[in-house]
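Q: Quick one: the structure is below, questions incoming.
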Amino acid sequence: MLSAADRRLAQLLIREHAVPLVELHACRQQLERLAAAGQPCPSLEQLLLERGALTPQALARIKRNLGLLAGTSGGWQTGAGGEPPRRRRKPRTLGGYELLAPIAAGGTGTVFKARDPVTGALVAIKVLSAEAAMQRGAERFLREAQLACQLTHPNLVRGIRVGREDGLYYFVMEFVEGESAGQRLRRRQGFGELEAVAIGRAVCAALECARAHAIVHRDIKPDNILLDRQGQVKLCDLGLARSFGRPTSVTTSGIAVGTPRYISPEQARGDPNVDHRSDIYSLGVTLFHMVIGRPPFDGETGLAILSRHIYEEVPRLRAVRPELSPELEYVVARATRKRPAERYETAGDMARDLAIVASRLAERAGGAPPPAPAALARPAGAAAAPHPPAAARAGGPPAGLPHPSA
Ligand SMILES: Nc1ncnc2c1ncn2[C@@H]1O[C@H](COP(=O)(O)OP(=O)(O)O)[C@@H](O)[C@H]1O
Ligand SMILES: [Mg+2]
């Protein structure tokens, strides 16, 4: 039986092809034999060095990477961007960027705040963990980076470049100074309706850009919506994104990917052909969480939550909080219909209804309607005529969303 540290080391060694697999296997057998005989066991690294399977230099390099990913390696500066570092040690660098501090350690790896030493510009760098590389390969990580670099939109985190150094894959992105909607929910337990609507419109704009490139995000949730200090909304984490209308690989079909609390019914069932309407569902659930303070479905296990998304109706907003507007209730209900065909056809349609909600809320509050976010402005050259409300195009004004013309 290998210790957790030995297992991590073994994973990294395998990934980097640093040691022949037969050597690792032989070490493992030797350790098991010693343990079974009740004798003291050396560590995996001791054994590998003894056998001459690994040089001390190669081991030192690999351990440095392990420390970096575990967030334990010294070397990054502890001061915030621009401030003088508290320690005068040479900062750890990756891809030529100075790593300042880890921001988050998630499913795919660790995200660091970093700085370009030449321009002083701040960036965020996602480093793929050995575990993630082992489980999913670097493919998903590289695809995320590639998509983010290819999609340019004010509401999508901009990718800068992807690279490999010292056996670590890293992905450099624009740094978003602020916090995620998820972090804010955990801190403050909820968003005002107008604020949630503005965020929803911005995410719709990002999703329209993705749709134009035939890309489904597949993991829309508060943690993947970043809010910067200027109030800009940036969608991140295209790690699960995939092109729709293309055949899906056998390995992923039939297995639900995404985060159970926000997953669409079709994604929960492992349907390999989910399209952009799955993101619309997850955005509806995200809006629910933002204004109610909790997601619609919870459960003991991820599987229990998946099943509720498949079989249970998302509760009406006003059944939980009667003071919320009927217009927002309508939009969330429409976005979270079980059958994709009954949802908004596109995120653009949903954005237009959210704009109506915003005007109604502003009217009721007695103020001027909020301006459309920059990202929602019509692209240059597009028809100037106002779009008919999506709900109207879908067959007459719905009961829940009285349109201005009604
Ligand atoms: N460009 C960025 N700027 C600032 N923080 C970021 C950036 N990208 C990610 N983060 C932070 O790191 C967290 C995890 O990043 P994410 O891309 O969602 O990776 P994961 O696959 O681990 O979910 C985010 O929730 C956010 O808090
Ligand atoms: Mg994420």
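The values are calculated or read from the model by the stated rules, or taken from the named source; none is laboratory data. The structure presented is a predicted model; accordingly, all values stated were derived computationally and were not measured. Here Cβ is always computed from backbone atoms with ideal geometry, including for glycine, and neighbour counts include all displayed protein chains.
Q: Lys126 - would you say it is within 16 Å of ligand 1 (Cβ to nearest atom), closer than 24 Å to Ile14 by Cβ and modelled with pLDDT of 85 or more? So that I can check it myself, show each step before the final result.
A: Details: within 16 Å of ligand 1 (Cβ to nearest atom): yes; closer than 24 Å to Ile14 by Cβ: yes; modelled with pLDDT of 85 or more: yes.
Judged against the criteria, Lys126 is a match.
Q: While we're on this one: Tell me which residues, restricted to segment 160-197, are within 15 Å of ligand 1 (Cβ to nearest atom) and of a type in the set (S, T, N, Q).
A: Ser180, Gln183
Q: I'm trying to understand the selection: among the residues of segment 93-121, which are of a type outside the set (Val, Ile, Thr), modelled with pLDDT of 90 or more and either away from ligand 1 (no atom under 12 Å from the Cβ) or part of a loop (DSSP other than H, G, I, E, B) (or both)?
A: Across segment 93-121, the qualifying residues are Leu94, Gly95, Gly96, Tyr97, Glu98, Leu99, Arg115, Asp116, Pro117, Gly120, Ala121.
Q: When you look at Gly167, is it away from ligand 2 (no atom under 16 Å from the Cβ), touching an Asp or Glu at 6+ places or on another chain (Cβ under 6 Å) and not acidic (Asp, Glu), yes or no? It would help to see each step written out before you state the result.
A: Working: away from ligand 2 (no atom under 16 Å from the Cβ): yes; touching an Asp or Glu at 6+ places or on another chain (Cβ under 6 Å): yes; not acidic (Asp, Glu): yes.
The answer is yes for Gly167.
Q: Now a separate question. Condition test on Val162, is it buried (at least 20 other Cβ atoms within 10 Å of the Cβ), free of Cβ contacts under 8 Å to residues at least 40 places away in the same chain and more than 15 Å from ligand 2 (Cβ to nearest atom)?
A: Details: buried (at least 20 other Cβ atoms within 10 Å of the Cβ): yes; free of Cβ contacts under 8 Å to residues at least 40 places away in the same chain: yes; more than 15 Å from ligand 2 (Cβ to nearest atom): yes.
Considered against the rule, which asks whether it is buried (at least 20 other Cβ atoms within 10 Å of the Cβ), free of Cβ contacts under 8 Å to residues at least 40 places away in the same chain and more than 15 Å from ligand 2 (Cβ to nearest atom), Val162 comes out as yes.
Q: Here's another thing I want to ask about it. How about segment 138-159: which of its residues are within 16 Å of ligand 2 (Cβ to nearest atom) and either aliphatic (A, V, I, L, M) or assigned to a helix (DSSP H, G or I) (or both)?
A: Arg140, Phe141, Arg143, Glu144, Ala145, Leu147, Ala148, Leu156, Val157
Q: Give Ala206, Ala124, Ala196 a once-over and let me know the one that is within 16 Å of ligand 2 (Cβ to nearest atom), among the hydrophobic types (A, V, I, L, M, F, W, C), out of contact with any Gly (no Cβ under 8 Å at 6 or more places or on another chain) and not in a strand (DSSP E or B). Walk me through it before giving the result.
A: Details: Ala124 fails: not in a strand (DSSP E or B); Ala196 fails: within 16 Å of ligand 2 (Cβ to nearest atom).
Within the list Ala206, Ala124, Ala196, the selection yields Ala206.
Q: Identify, by number, the condition in (1) part of a loop (DSSP other than H, G, I, E, B); (2) over 25 Å from the mean Cα position of the chain (by Cα) that Arg360 doesn't meet.
A: Going through (1) part of a loop (DSSP other than H, G, I, E, B); (2) over 25 Å from the mean Cα position of the chain (by Cα) one by one, Arg360 breaks only (1).
Q: Follow-up question, since we're still on this one. Hey, can you tell me all the residues within segment 218-240 that are within 11 Å of ligand 1 (Cβ to nearest atom), within 12 Å of Val157 (Cβ to Cβ) and assigned to a loop (DSSP other than H, G, I, E, B)?
A: Matches in segment 218-240: Cys236, Asp237.
Q: Next up: Does Arg242 meet the test of being more than 15 Å from ligand 2 (Cβ to nearest atom) and touching a strand residue (DSSP E or B) at 6+ places or on another chain (Cβ under 9 Å)?
A: Working: more than 15 Å from ligand 2 (Cβ to nearest atom): yes; touching a strand residue (DSSP E or B) at 6+ places or on another chain (Cβ under 9 Å): yes.
Taking the combined requirement at face value, the residue satisfies it.
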